[in-house]
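Working notes for the structure below.
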Ligand SMILES: Cc1cc2nc3c(=O)[nH]c(=O)nc-3n(C[C@H](O)[C@H](O)[C@H](O)COP(=O)(O)O)c2cc1C
């Protein structure tokens, strides 16, 4: 086991050095969920917590960063959505509060945003949805990349994590690359490390952490769900594009299909124009994640979840989740040394 543990240290050393952590495991930012408590718990547990800024104002973000700094002295990052109208001010807040790592999410960030974030002294992490984008982000100055496959919870791209990993890990050596999407156990972490990743990012697996403030009904929905229940949002007409989001199927996901059909019908009958229709479709989900996470309305809100929800079976302390991931990773590496490879049950 000691040899296996050493091997793990070797495999994720670059990721640990980059994040400044004991484990190269990032807790992916989740709006409404990745707030002070969960983020501090992940960082205190040796991982790397990431605050989700979501639609927060610069003042609110400053408050949240401060509250997190009060709960942990360990490194953590801040995730900013590139489309936020106050992006520059949010970056400046991170700079003033000496945030060490800024994650720019929600579409390819412009070079100017990457530069502004780097000028604060922070390391900048960006999402690369394809090899070409990965190369472009490196030219723009990204210090690390996250590649997130379609198995993930929340807003998703079309390509599986396993394929993105094969496309991107062999061609990017300049910066650390973290793999996300569908990872729920340590064996999977090891596999991506062996393929050249510097670490992994998990979101879904941390939702049922005891320290997570999500409503008990939100957590219960995760515990009950199977992998196949986490489905991408349905688009009924290619003329009215829908940004795909993976969430547990419920009343809201069913209503969304009917709503789109109704809106498309109204355009066809000349009642509303295409622009108005697109706006109505986009607004359907406004406030829906908060409704589920905070209010506990898991039927009419958006229960964003990745396919690894099938591996979430109970509420557990964050430290226990991280400990399990490490134990599974070490056991997987130990098994590689022996004749038989088995998965540890925990
Ligand atoms: C409920 C939920 C909310 C999320 N919100 C965000 C977000 O605000 N910003 C972001 O960059 N990613 C968001 N994500 C994606 C996570 O940061 C993470 O990359 C993803 O969950 C990893 O895949 P996994 O769910 O398979 O572990 C969200 C995911 C979930 C499940």
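Below are the figures for this structure:
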read-out: Max mean-square fluctuation residue, GNM over the chain, Cα-Cα springs under 10 Å, options 176, 244, 85; value: 85
read-out: Contact order relative to length of segment 185-319, as percent, for alpha carbon pairs under 8 angstrom and 6 or more apart; value: 37 percent
read-out: CD proxy at 222 nm, helix term only [per DSSP H run n ≥ 4: -39500 (n - 2.57); per residue of the chain; nearest 500]; value: -13000 deg cm²/dmol
read-out: Geometric extent, Cα atoms of segment 216-307 - Rg, Dmax (angstrom); value: 14.2, 45
read-out: Helix 318-337 vs. the chain, principal-axis angle (Cα, 0 to 90°, nearest 10); value: 60 degrees
read-out: Gap separating the Cα centres of segment 277-331 and segment 74-147, nearest whole Å; value: 23 Å
read-out: Percentage, to the nearest whole number, of Cα pairs in the chain over 40 Å apart; value: 10 percent
read-out: Förster-model FRET efficiency, 25 Å R0, residue 57 and residue 115, C-beta, rounded to 0.05; value: 0.60
read-out: Residues residue 265 and residue 70, FRET efficiency given R0 of 56 Å [Cβ-Cβ distance, rounded to 0.05]; value: 0.60
read-out: Mean separation of Cα contacts under 8 Å, 6 or more apart, over the residue count of the chain: relative contact order %; value: 18 percent
read-out: Over segment 265-346 - Rg/Rh using Cα atoms and the Kirkwood inverse-distance radius; value: 1.31
read-out: Estimated distance in nm for a label pair at residue 337 and residue 10, the labels positioned 7 Å out from Cα along Cα-to-Cβ; value: 1.1 nm
read-out: Principal-axis tilt of helix 2-11 within the chain, Cα atoms, nearest 10 degrees; value: 50 degrees
read-out: Max mean-square fluctuation residue, GNM over the chain, Cα-Cα springs under 10 Å, options 293, 159, 330; value: 159
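Taken together, the values in this text are just the output of simple stated rules run on the coordinates, not laboratory data. Just so it is clear, the model here is predicted, and its values are computed rather than measured. Glycine gets a Cβ as well: all are built from the backbone with ideal geometry, and neighbour counts include every protein chain shown.
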